[in-house]
Amino acid sequence: YYNSSFVGFFPAAEPKYLVYVLVDSPLKGRYGGQVAAPIFRNIAERIIKADLSLSEFKEEIHRKKKSKVKITKAIAEAI
């Protein structure tokens with residue numbers, strides 16, 4: 001049996017939240033980046049949507065998602 005875990009904080013500039021995710025005996029995968037990190041992301045996204053004091057960081061997060069798509073497209077075109 002494995003425990004997969006991930007710890008993250010946000011926002012990066014001035015951390016307000018620290019989240020620890022532990023998955024006991026995951027069914028698929030066993031590494032924290034595979035199993036627990038996606039759960040952390042879902043939790044963080046929900047908190048960011050609900051916490052109005054983080055509104056200044058929402059635009060920054062939105063831009064990062066767009067740039068990731070552009071990078072993915074560039075990699076796909078290069079291959």
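Here LYS49 meets each of (1) open to solvent by less than 60 Å² (accessible area, probe 1.4 Å); (2) assigned to a helix (DSSP H, G or I) with one exception, condition (1).
For beta carbons closer than 7 Å, sequence separation of 6+ or different chains, a first residue in region 17-33 that is more than 8 Å from SER4 (Cα to Cα) and a second that is open to solvent by 100 Å² or more (accessible area, probe 1.4 Å), the qualifying pairs are TYR17/PHE9; LEU18/PHE9.
When the residues of region 52-69 are filtered to those that are under 13 Å from PHE10 (Cβ atoms) and open to solvent by less than 90 Å² (accessible area, probe 1.4 Å), the one that is modelled with the highest pLDDT is SER53.
The set of residues in region 7-42 that are in a helix (DSSP H, G or I) and touching a Gly at 6+ places or on another chain (Cβ under 9 Å) comprises VAL35, ALA37, PHE40, ARG41.
Name the residues in region 30-46 that are of a type in the set (Gly, Ala, Ser) and surrounded by 14 or more Cβ atoms within 10 Å (Cβ to Cβ), would you?
GLY32, ALA36, ALA37, ALA44
Checking each residue in region 1-50 for being at pLDDT 90 or above, among the aromatic types (Phe, Trp, Tyr) and more than 11 Å from the chain's Cα centre (by Cα) picks out TYR17, TYR20, TYR31.
The values are calculated or read from the model by the stated rules, or taken from the named source; none is laboratory data. Because the structure is predicted, anything quoted here is derived from the model rather than measured. Note: ideal-geometry Cβ built from the backbone for every residue, glycine included; neighbour counts use all protein chains shown. In case anyone asks, the SASA skips ligands and DNA or RNA and just uses the protein heavy atoms, side chains included. Shrake-Rupley method; radii C 1.70, N 1.55, O 1.52, S 1.80 Å.
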